[in-house]
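Asker: First the structure, which I've put down as structure tokens, then a few questions once you've had a look.
The values are calculated or read from the model by the stated rules, or taken from the named source; none is laboratory data. In this text, all values refer to a predicted model and were calculated from it rather than measured experimentally. Virtual Cβ from ideal backbone geometry, glycine too; neighbours counted across all protein chains shown.
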């Protein structure tokens, strides 16, 4: 009797999860069932920051490959959909943040894009003509948090900071922040374009 009770509970849980559309993040798809592959060409970059073109293109391809929902194809000969991304602008703003009577200089990187996922025939599957992403970074030597994960990714040590000026530190932090921003942007594009919303 106890074994039958356990079987009923397990069956009920499976039914609930399946019935509610439970799925792992990124593993489902909101696209039509016949859309099984995507071609991701090099992004179009209208900004002066040309170095980010291959970075964001590669990040997008990796993000779409990660979940295996759509097969990322290299050739334009055989694809069900195409992801066109245009970098409209890359902006930077400096601001002073005051907390507990202490002021810190921070920078904000702003990435503005136009994104469109279409079928081979041009039918739009998903689009975001005005996607804007931003991320802050330390713009002053005294505000760099050496214990942060972004600082750890920089390859520098706390002692290296003693030999660098504010401009060098700011450029280094800006570059790391841009890489993180590109990663976040790629994830957001995938989640909005492909992943089902619950």
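Asker: Given the residues 50, 76, 57, 44, which is the only one that is at pLDDT 60 or above, exposed (fewer than 11 other Cβ atoms within 10 Å of the Cβ) and touching a strand residue (DSSP E or B) at 6+ places or on another chain (Cβ under 9 Å)? Can you show your working first?
Answerer: Values: 50 fails: touching a strand residue (DSSP E or B) at 6+ places or on another chain (Cβ under 9 Å); 57 fails: exposed (fewer than 11 other Cβ atoms within 10 Å of the Cβ); 44 fails: exposed (fewer than 11 other Cβ atoms within 10 Å of the Cβ).
The unique qualifying residue is 76.
Asker: Scan segment 58-81 for residues that are closer than 13 Å to residue 189 by Cα and in contact (Cβ under 8 Å) with a residue 24 or more places away in the chain and jot them down.
Answerer: 59, 60, 62, 63, 64
Asker: With assigned to a helix (DSSP H, G or I) and either over 23 Å from the mean Cα position of the chain (by Cα) or modelled with pLDDT under 90 (or both) as the only criterion, which of 197, 172 stands out?
Answerer: One residue alone meets the criteria, 172.
Asker: Just to be sure I understand, how many residues within segment 109-127 are surrounded by fewer than 16 Cβ atoms within 10 Å (Cβ to Cβ) and either touching a helix residue (DSSP H, G or I) at 6+ places or on another chain (Cβ under 9 Å) or on the phi < 0 side of the Ramachandran plot (or both)?
Answerer: 7
Asker: Looking at the structure I just gave you, is residue 39 more than 14 Å from residue 186 (Cβ to Cβ), at pLDDT 95 or above and surrounded by 18 or more Cβ atoms within 10 Å (Cβ to Cβ)?
Answerer: On the way: more than 14 Å from residue 186 (Cβ to Cβ): yes; at pLDDT 95 or above: yes; surrounded by 18 or more Cβ atoms within 10 Å (Cβ to Cβ): yes.
Yes; evaluated as a whole, the condition is true for this residue.
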